[in-house]
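Q: Pasting in a structure now, in structure tokens, and then I'll have a few things to ask.
FYI, it's all coordinate maths here, none of it is from the lab. The structure displayed is predicted, hence computed values, not measured ones. Note: ideal-geometry Cβ built from the backbone for every residue, glycine included; neighbour counts use all protein chains shown.
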Amino acid sequence: LDLPYNYEAKDDEVVSSALGYVTHLMLMLSKYLQIPLRYQLVYSASRSAVRDRVAPGRETPSPTSNIYPLYRRGVDNARFVTAIEFLQANVRQVLTVRGVHYDEKAHMLKNLNELFKSEIIPELM
């Protein structure tokens with residue numbers, strides 16, 4: 001699946017499915033590399049989300065006030081953008097822990113590819 005730089009350039013289902021795959025990948029990397037993630041990932045295929053466990057609480061927080069969807073359909077765009085930022089922060093965290101340079105200007109998938117290259121063929125790095 002294609003994950004474009006501009007998330008509005010593709011169909012909602014394509015983007016949310018691709019983000020679901022990235023969410024699953026990040027969960028597996030976190031588990032097998034034993035790296036706890038700053039933002040909890042909630043995998044649910046194309047309806048995955050990111051939970052901010054330390055979000056500032058309100059007097060009467062709703063159960064979903066700290067859950068940010070990784071899909072656009074039917075949700076506030078600001079929450080979707082925040083979810084993307086949280087997912088990217090998790091990618092940055094895993095790369096940093098593994099000693100791989102995180103390029104702020106590069107696409108999320110390119111950064112993940114650098115991680116795989118460093119883990120599989122470290123002499124290339």
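Q: Once Rh for the range 64-125 is found with the Kirkwood sum over Cα pairs, what is the Stokes-Einstein diffusion coefficient at 4 °C and 1.567 mPa s, in µm²/s?
A: Working: Rh = 12.9 Å.
In µm²/s, the coefficient rounds to 100.
Q: Note the direction-averaged projected area, equal to a quarter of the hull surface, for the Cα convex hull of the chain, in nm².
A: Across all orientations, the chain yields a mean hull projection of 8.2 nm².
Q: OK, next. Hey, rough spin-label estimate for residue 105 and residue 79, points 7 angstrom out along Cα→Cβ, what's it come to in nanometres?
A: 3.5
Q: Taking amide H positions as placed 1.01 Å from N in the peptide plane, with prolines and chain starts having none, which residues 5 or more places from residue 40, or on another chain, fall under 5 Å of its amide H?
A: Here 51, 53 satisfy the definition.
Q: Bin width 10 Å, alpha-carbon pairs only: give the P(r) of the range 8-53 as whole percents, running from 0 to the bin holding the largest distance.
A: Here the calculated profile for the range 8-53 is 29, 48, 20, 3.
Q: May I pose another question? Treating cross-link reach as a plain straight distance, find the lysines whose alpha-carbon is under 19 Å from the alpha-carbon of residue 10, omitting any fewer than eight places away in the same chain.
A: 110
Q: Could you please report the charge total around residue 35, scoring K, R as +1 and D, E as -1 over all other residues with beta-carbon less than 13 angstrom from its beta-carbon? Intermediate results must be reported in sequence, preceding the final value.
A: Working: positive: 31, 38, 92, 98; negative: 119.
Taking every other residue near residue 35 into account, the sum is +3.
Q: Given the -39500 (n - 2.57) contribution per DSSP H run of 4+ residues, what per-residue ellipticity at 222 nm results for the chain, rounded to the nearest 500 deg cm²/dmol? Show your work: numbers first, answer last.
A: On the way: 3 runs with 56 residues, N = 125.
Taken over the chain, the calculation gives -15500 deg cm²/dmol.
Q: Once whole DSSP H runs in the chain are found, which of them have Cα atoms spread over 27 Å or more along the helix axis and a mean Kyte-Doolittle score of at least 0.5?
A: Values: long enough: 12-33 (31 Å, 0.77); 77-97 (30 Å, 0.57).
Going by DSSP H runs, the hits are 12-33, 77-97.
Q: While we're looking at this one, here's another question. With θ set to phi - 60°, apply the Karplus curve 6.51 cos²θ - 1.76 cosθ + 1.60 along the range 37-43 and write out the HN-Hα couplings as whole Hz, x wherever there is a Gly or Pro.
A: 8, 4, 10, 5, 9, 10, 7
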